[in-house]
Amino acid sequence: MGVLTDLARDTQISIPSAGHMISFYAFGVVIGAPIIALFSSRFSLKHILLFLAALCVLGNAIFTFSSSYTMLAIGRLVSGFPHGAFFGVGAIILSKIAPPGKVTMAVAGMVSGMTVANLLGIPIGTWLGHAFSWRYTFLLIAAFDVIVIASIIFWVPDLFDKSDARLSEQFRFLKAPEPWLIFLATLFGNAGVFAWFSYIKPYMLYVTGFTETFMTFIMMFVGLGMVLGNIVSGKLSARFSPLRIAATTDGIIVLSLVMLFLFADVKGAALGLAFICCAGLFALSAPLQILLLQNAKGGEMLGAAGGQMAFNLGSAVGAYCGGMMLTLGFAYNYVALPAALLSFSAMSALLAYGYVKNRRHERVIAPSA
């Protein structure tokens with residue numbers, strides 16, 4: 001997002017077309033996550049992580065040195081392939097090495113790693129793209145992925161995920177409506193934020209009126225929102241159910257997006273609302289993952305992969321919906337309207353999940369009563 005305008009200008013493509021690169025990355029995640037999930041038992045989890053990190057190097061290298069739309073798209077597709085599987089495999093490794101009762105905290109720690117990466121990496125990448133070239137941003141990512149490979153070699157234990165359940169049994173949890181409603185909530189929730197966030201740079205530059213040099217601060221500020229959103233969500237989990245946290249967060253995001261449309265030209269309001277919106281994005285992560293684990297008994301790996309697929313498919317849908325408003329000729333603040341509608345759909349899916357869950361609970365209790 002931080003180098004969107006630089007990428008479009010350098011490669012002579014439109015900003016909506018540059019936004020499609022976010023969608024290609026997300027489609028890579030959607031393709032990669034289930035493939036790795038289905039074949040994870042054949043290889044060491046450590047070796048799978050090494051393969052995925054190597055794909056990150058390859059994809060970002062292709063993207064760095066490409067100029068045509070086709071090669072840029074291929075680079076992003078390859079870069080996205082490891083994303084969902086990496087988090088799925090990471091969650092399984094944590095479930096095996098974390099102390100009893102600390103697995104959820106360990107997974108939250110993994111998610112917090114991504115939020116800190118957003119806090120530091122996005123501003124650095126934005127600054128590099130503006131001061132030098134967007135290509136330096138992705139070259140730095142590829143170099144950092146080499147460090148990731150070394151970290152896996154030295155620090156990750158050699159473990160296997162040997163499941164006794166047959167493949168067909170791992171899909172059994174999908175017969176119930178509850179996991180599908182969580183998938184929908186994940187997809188629409190991420191799509192809602194990304195429909196606006198994908199175009200945050202032109203929004204802040206051309207509508208709100210910030211200067212190019214201020215964008216680094218803006219990206220750092222919203223990155224801080226992501227970090228704090230994840231932390232606050234974790235703290236609230238001790239007092240409230242994952243469903244209540246997720247549904248309330250989606251409601252707050254809807255209101256924030258509507259106000260981002262209405263007050264786009266007010267700098268203080270746009271900054272504060274952007275902070276709230278991005279905080280909400282990562283406040284959703286942990287409770288939605290917990291809900292998925294609770295409703296994917298016997299198919300936890302597929303559930304985790306499905307959650308990552310829904311999350312990143314939401315990124316693709318959101319970037320496309322936001323770009324569609326620009327293609328139709330609307331101003332950049334109008335991307336917040338489909339964003340709000342998508343986030344409202346996410347909240348509705350969670351409310352439907354709560355209704356279905358309560359009805360199922362009532363049917364279980366009724367015979368004994």
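Tabulated data for the structure shown
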quantity	calculated
The range 266-306, residues that are closer than 26 Å to Pro202 by Cβ, more than 16 Å from the chain's Cα centre (by Cα) and not in a helix (DSSP H, G or I)	Val266
Matching residues, the range 190-209, being within 16 Å of the chain's Cα centre (by Cα) and open to solvent by 40 Å² or more (accessible area, probe 1.4 Å)	none
Pick from the range 250-265, criterion farther than 17 Å from Pro202 by Cβ and touching a residue at least 40 places away in the same chain (Cβ under 8 Å), ranking: surrounded by the most Cβ atoms within 10 Å (Cβ to Cβ)	Ile253
Only listed residue being open to solvent by 20 Å² or more (accessible area, probe 1.4 Å), of a type in the set (A, V, I, L, M, F, W, C) and more than 24 Å from Pro338 (Cβ to Cβ), chosen from Ala296, Ala304, Ala269	Ala304
From Ser67, Ser17, Ser44, Ser79, residue being open to solvent by less than 20 Å² (accessible area, probe 1.4 Å), over 16 Å from the mean Cα position of the chain (by Cα) and either within 23 Å of Leu293 (Cα to Cα) or polar (S, T, N, Q) (or both)	Ser44
Per-region count, the range 176-226, residues aromatic (Phe, Trp, Tyr), closer than 21 Å to Asn312 by Cβ and part of a helix (DSSP H, G or I)	6
Lone qualifier among Ile74, Ile48, Ile22, Ile13 - being aliphatic (A, V, I, L, M) and within 30 Å of Leu159 (Cα to Cα)	Ile48
Failed item in (1) in a helix (DSSP H, G or I); (2) in contact with a Gly (Cβ under 8 Å, 6 or more places away or on another chain); (3) under 17 Å from Lys201 (Cβ atoms), with Ala26 passing the rest	(3)
Single unsatisfied condition, Val116 versus (1) touching a residue at least 40 places away in the same chain (Cβ under 8 Å); (2) buried (at least 20 other Cβ atoms within 10 Å of the Cβ)	(2)
Ile231 vs. criteria aliphatic (A, V, I, L, M) and touching a residue at least 40 places away in the same chain (Cβ under 8 Å)	yes
Restricting the range 227-246 to residues that are part of a helix (DSSP H, G or I) and touching a Pro at 6+ places or on another chain (Cβ under 9 Å), the residue that is surrounded by the most Cβ atoms within 10 Å (Cβ to Cβ)	Ala246
Failed condition for Asn60, given (1) closer than 27 Å to Leu119 by Cβ; (2) surrounded by fewer than 17 Cβ atoms within 10 Å (Cβ to Cβ); (3) polar (S, T, N, Q)	(2)
Selection status of Tyr320, open to solvent by 50 Å² or more (accessible area, probe 1.4 Å), in contact with a Phe, Trp or Tyr (Cβ under 8 Å, 6 or more places away or on another chain) and either modelled with pLDDT of 90 or more or on the phi < 0 side of the Ramachandran plot (or both)	no
Test for Thr11: is it surrounded by fewer than 21 Cβ atoms within 10 Å (Cβ to Cβ), more than 19 Å from Cys321 (Cα to Cα) and in contact (Cβ under 8 Å) with a residue 24 or more places away in the chain	yes
Top-ranked residue in the range 32-60 [being β-branched (Val, Ile, Thr) and under 11 Å from Phe81 (Cα atoms); ranked as modelled with the lowest pLDDT]	Ile36
Test: residue in the range 210-223 that is under 18 Å from Phe344 (Cα atoms), under 18 Å from the mean Cα position of the chain (by Cα) and open to solvent by less than 20 Å² (accessible area, probe 1.4 Å)	no
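The values are calculated or read from the model by the stated rules, or taken from the named source; none is laboratory data. None of these values were measured; they are calculated from a predicted model. Virtual Cβ from ideal backbone geometry, glycine too; neighbours counted across all protein chains shown. With ligands, DNA and RNA removed, areas are computed over all heavy atoms of the protein, side chains included. Shrake-Rupley method; radii C 1.70, N 1.55, O 1.52, S 1.80 Å.
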